[in-house]
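No value in this document is a laboratory result; all are computed from the given coordinates. Values in this document were obtained by computation on a predicted structure and should not be read as measured data. Note that we place each Cβ from the backbone using ideal geometry, even for glycine, and neighbour counts take in every protein chain shown.
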Amino acid sequence: MGSREEMLAMLRMMMMIRNFEETADKLTLRGKVSGGMHNSSGQEAVAVGVISALAPDDVIATTHRSHHHTLAKGFTAREVMAELMTKATGVAKGRGASMHLGDVSRGHFGGNGIVGAGMGIGMGAALGIKMAGDKKVAIGFVGDGGMNTGRTWEAINMAAIWKLPLIVVVDNNQYAVETFIDRVTAGGDLAKRASGFGLPASTIDGQNVLEVRDAVAQAREYALAGNGPTFLNALTYRYYGHNVGEKGQYRTLEEIEDWRSNRDPIDQFAARLFSEGHLDQATFDEMVASVDAEIKDAVEFAENSPHPDPSEVMLNVDSGKLRG
Ligand SMILES: Cc1ncc(C[n+]2csc(CCOP(=O)(O)OP(=O)(O)O)c2C)c(N)n1
Ligand SMILES: [Mg+2]
């Protein structure tokens, strides 16, 4: 399972992401976050499970819904919140906002507004890793909606035929805006579809952080041994609408309540840590308070930060080094 410290750090990270998202959601409704955002509440175990199986040098490329991946990758709540408010202290110096969090120099190849494109960039990063002879892997996150776009499968085909160190992670929250996955996915089983490309492919419980971590750890070993990519379809659920302000009337309240009450990734992991004696009430209460303080501090930091100087807007735009 891992050390107690590792387990508590994973739980705290999931709690921090949840608090960040619910806070950012409210700030968006109040007009403080520029251009809206996609809330990842409910999907924390996918992000935290994946990233906790990685080494710091491993890289990720992601989607329009990427706050959870970015925070789990080690970007601070301060710099992510500041980016949401397009402030100069943000992850991308205030040029990217919610959908373009990233910093190549820190192993984050960006969020992406084009469905499926982030995973293609992950494949490119994996090709770069292989050409350089580096011992690391790339994660290509993609949504279930991105499973029905052509570029996804072009990238998977190339990764498979060239044995690239790519791990495809489907952050499968089962909806692409208002469309339930079963209505648009021929053949039904995404892992079966991927296995047609000759790579290991499976569906995992995206609400179980340890199951996600172990599957990625195995895929990572497989890639580092030169065997090529793995495809992981992580089944999860988003609690809110597609983006802030969208009401999500295409889902029943019973369905949302069932996932929240019975399959919440944080509740399930905390319950397990309590029952196995790794967590006590005082430690848990301290974690709640420290996460709360961290997010309040992040909001204050972001609100008090300046917007970028317009004269710097084109600086380093083509170098992939926004902090340069
Ligand atoms: C190529 C392309 N087509 C359509 C859109 C519009 N669009 C934005 S998000 C989205 C749904 C994506 O669903 P999914 O991949 O499941 O990700 P989720 O929002 O559930 O995280 C669509 C169709 C887009 N941004 N890019
Ligand atoms: Mg989806």
Notebook entry, point to check: residue 158: net charge of surrounding residues, Cβ under 13 Å, Lys/Arg +1, Asp/Glu -1, itself excluded?
Noted result: +2
Next item on the list: Give, rounded to the nearest 20 debye, the magnitude of the charge dipole that the stretch 186-324 has about its Cα centre when Lys and Arg contribute +1 at Cβ and Asp and Glu contribute -1 at Cβ.
Entry: 800 debye
Check: Rounded to the nearest 5, what is the percent of antiparallel bridges among the DSSP beta bridges in the chain?
Finding: 10 percent
Note to self: Let me check I've understood the local charge: for residue 135, count other residues with C-beta under 11 angstrom from its C-beta, Lys and Arg +1, Asp and Glu -1. What total comes out?
What the structure shows: 0
Check: Taking K and R as +1 and D and E as -1, what net charge do the other residues with C-beta under 12 Å from the C-beta of residue 286 add up to?
Finding: -2
Next item on the list: Could you go through the stretch 296-301 in sequence order and give the Karplus-derived ³J(HN,Hα) for each residue, using 6.51 cos²θ - 1.76 cosθ + 1.60 with θ = phi - 60°, rounded to whole Hz, and x for Gly and Pro?
Entry: 4, 4, 5, 5, 4, 4
Notebook entry, point to check: Which of 240, 175, 250 moves the most in a Gaussian network model of the chain with Cα springs under 10 Å?
Noted result: 250
Notebook entry, point to check: PRE reach from residue 177 (point 7 Å along Cα→Cβ): which of the stretch 54-84 fall under 20 Å by backbone N?
Noted result: 63-66
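Counting only DSSP beta bridges with both residues in the stretch 92-224, what percent are antiparallel, rounded to the nearest 5?
35 percent
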Next item on the list: Classify the stretch 82-180 as rounded, prolate or oblate, taking a ≥ b ≥ c as the square roots of the eigenvalues of its Cα gyration tensor: rounded when a/c is under 1.5, otherwise prolate if a/b is larger than b/c and oblate if not.
Entry: oblate
Item checked: Hz values of 3J(HN,Hα) by residue in the stretch 189-200 - Karplus curve (6.51, -1.76, 1.60), Gly and Pro given as x -> 8, 5, 5, 5, 4, 5, 5, x, 8, x, 10, x
Check: Could you work out Rg/(2.2 N^0.38 Å) for the stretch 1-72, with Rg from alpha carbons only?
Finding: 1.20
Checklist line | Convex hull volume per residue in cubic angstrom - Cα atoms of the chain | finding: 127 Å³
